[in-house]
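Below is one structure, written out as structure tokens, with a few remarks after it.
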Amino acid sequence: MNIGFDIIFFATIIGSAAVCFVLGEEKSQRLMIGTLVGILASTQLAEPIEKIVSAKASFINQSNIAIALLALAVIICLLGKNVRDSKWPKSKIKPVIAGLLVGFVLIGYGLALLSDSSFNRLVTEQNLAAIAYNMRLVSLAGLMLWLMASYLLVGKAKR
């Protein structure tokens with residue numbers, strides 16, 4: 001029995017929840033936005049960029065470009081200053097849920113970026129990989145709904 005992917009699966013989800021807990025509510029919202037933008041960029045722009053770049057550098061493939069686009073979008077969205085001051089209430093539950101959703105979305109779409117042989121091996125041998133891949137659209141929709149809800153459910157500022 002191979003438990004390597006199970007450890008990566010749970011470490012990614014728990015790690016992203018812990019990171020969002022530490023970052024706080026505003027930065028976790030930006031992490032959700034960065035994840036959404038990165039997934040859009042990696043799924044739509046990786047192939048055209050790979051066609052352009054592969055003529056000059058043969059060692060760069062589509063999955064490397066997709067991962068770089070995803071990471072770039074997340075980093076750009078995380079950079080920035082918090083706009084709410086200390087008068088706004090801070091929640092610790094919302095970032096944890098955001099982190100769990102971000103972790104699950106990253107695993108599902110990360111599997112989609114793998115090469116065909118690695119993807120087929122993981123999905124057939126690991127049940128969690130198959131579940132994460134099959135539920136990637138549902139988890140992405142959940143992430144978008146949670147992002148909208150977290151923006152709408154901001155408490156009132158203290159006076």
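Need the failing condition index for ASP6 against (1) of a type in the set (Asp, Glu); (2) over 25 Å from ILE76 (Cα atoms); (3) crowded, with 16+ Cβ neighbours inside 10 Å, just the number. With respect to (1) of a type in the set (Asp, Glu); (2) over 25 Å from ILE76 (Cα atoms); (3) crowded, with 16+ Cβ neighbours inside 10 Å, ASP6 is out only on (3). Residues that are part of a loop (DSSP other than H, G, I, E, B) and either within 19 Å of GLN29 (Cα to Cα) or at pLDDT below 90 (or both) occur at least once in the stretch 121-131. Of the residues VAL105, VAL53, the single one that is under 22 Å from LEU143 (Cβ atoms), of a type outside the set (D, E, K, R) and either out of contact with any Phe, Trp or Tyr (no Cβ under 8 Å at 6 or more places or on another chain) or exposed (fewer than 13 other Cβ atoms within 10 Å of the Cβ) (or both) is VAL105. Return the residues of the stretch 108-137 that are closer than 17 Å to ASN61 by Cα and loosely packed, with under 14 Cβ neighbours inside 10 Å; say none if nothing qualifies. Scanning the stretch 108-137 gives SER115, ASP116, SER117, SER118.
The values are calculated or read from the model by the stated rules, or taken from the named source; none is laboratory data. Every value quoted in this text rests on a predicted model; they were computed, and no experiment measured them. Cβ atoms come from the backbone with ideal geometry, glycine included; neighbour counts cover every protein chain shown.
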